[in-house]
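Student: Sharing a structure with you now.
The values are calculated or read from the model by the stated rules, or taken from the named source; none is laboratory data. These numbers come from a predicted model, not from an experiment. A quick note on method: Cβ atoms are made from the backbone with ideal geometry, for glycine too, and the neighbour counts reach across all protein chains shown. We work out accessible area using only protein heavy atoms, side chains counted, and drop any ligands, DNA or RNA first. Shrake-Rupley method; radii C 1.70, N 1.55, O 1.52, S 1.80 Å.
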Amino acid sequence: MAHHDDVEGLTTRLKAAKTADERERLWEDLFPKLRRVAQNRIGAAGLRGQESPTELVHDVFPGLQRALEKADTRFESRAHFLAYAAQAMRRHLAAQAKRRVAEELLDEHFSIESASPALAIAMSEALDILSTRFPRGVRAYELREYAGYSYDDILDMMRDEYRTKALLAADLSLIRKSLVSILRPAE
């Protein structure tokens, strides 16, 4: 006999449910467990008070439902299903954080001094990636954003690499757009 907390039995019943009402009742049984997982994921991400567990469950619900609709989906245990749900929630929160980081970077009043810690870390890693492809542009970007030098100062310091302000501006724009591209999640 299946226990009310038997997620394996619940997922089997969800797959076997014939009507939308039957599936909805089964999901309602599962919702409190998913909400608890969401509370834990939000806490682990340091987002208590900023994210709603209920909204997080609703955001990942379609993906969970699609996974259950696949014929080959099998959850061996309650822990397996809830771990799968926690992973989906972690990915969703990470994608939201990347979106916020990209929006912050694109803000016309952006300055590295006011960047969130998450953005500062993400930018550092992204600049490391970009420095292999665009070393000159990354050096100029760091002089501009991190050291606070003007275009004229950078042109003077990097005179062997930059002949015009337009080339410098183009490189800085390329680096900024590349940072956004790296930091923005795939849609």
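Student: FRET efficiency for Asp153 and Arg184, Cβ-Cβ distance as r, R0 = 25 Å, nearest 0.05?
Tutor: The pair Asp153/Arg184 has a calculated efficiency of 0.25.
Student: Next question, about the same structure. Report the GluC sites (Glu not before Pro) located in segment 51-93 that are in a DSSP loop and have at most 10 other Cβ atoms inside 10 Å of their Cβ, or state none.
Tutor: Answer in residue order: Glu76.
Student: Hey, what number do you get for the chain at 222 nm if only DSSP H runs of n ≥ 4 count, each worth -39500 (n - 2.57), divided across all residues, to the nearest 500?
Tutor: Using -39500 (n - 2.57) per qualifying helix, the result is -23500 deg cm²/dmol.
Student: How much of the accessible area of the chain, probe 1.4 Å, is carbon plus sulfur, in whole percent?
Tutor: Summing carbon and sulfur atoms, their accessible area is 50 percent of the total for the chain.
Student: Report, in whole Å, the centroid distance computed from the Cα atoms of segment 137-187 and segment 39-72.
Tutor: That distance is 38 Å.
Student: List the chymotrypsin sites (Phe, Trp or Tyr not before Pro) in segment 94-187 that DSSP assigns to loop (not H, G, I, E or B) and whose Cβ has at most 15 other Cβ atoms within 10 Å. Which are they?
Tutor: Sparse-neighbourhood loop chymotrypsin sites (Phe, Trp or Tyr not before Pro): Phe110.
Student: Is segment 1-158 best put as rounded, prolate or oblate by its Cα gyration tensor, with a ≥ b ≥ c the root eigenvalues, rounded for a/c under 1.5, and otherwise prolate when a/b is larger than b/c, oblate when not?
Tutor: prolate
Student: May I ask you to give the solvent-accessible area per residue for the chain, in square angstrom, as obtained with a 1.4 angstrom probe?
Tutor: Per residue, the chain has an accessible area of 62 Å².
Student: Loop-only check: which trypsin sites (Lys or Arg not before Pro) in segment 32-129 are DSSP coil with at most 13 other Cβ within 10 angstrom?
Tutor: Lys70, Arg74
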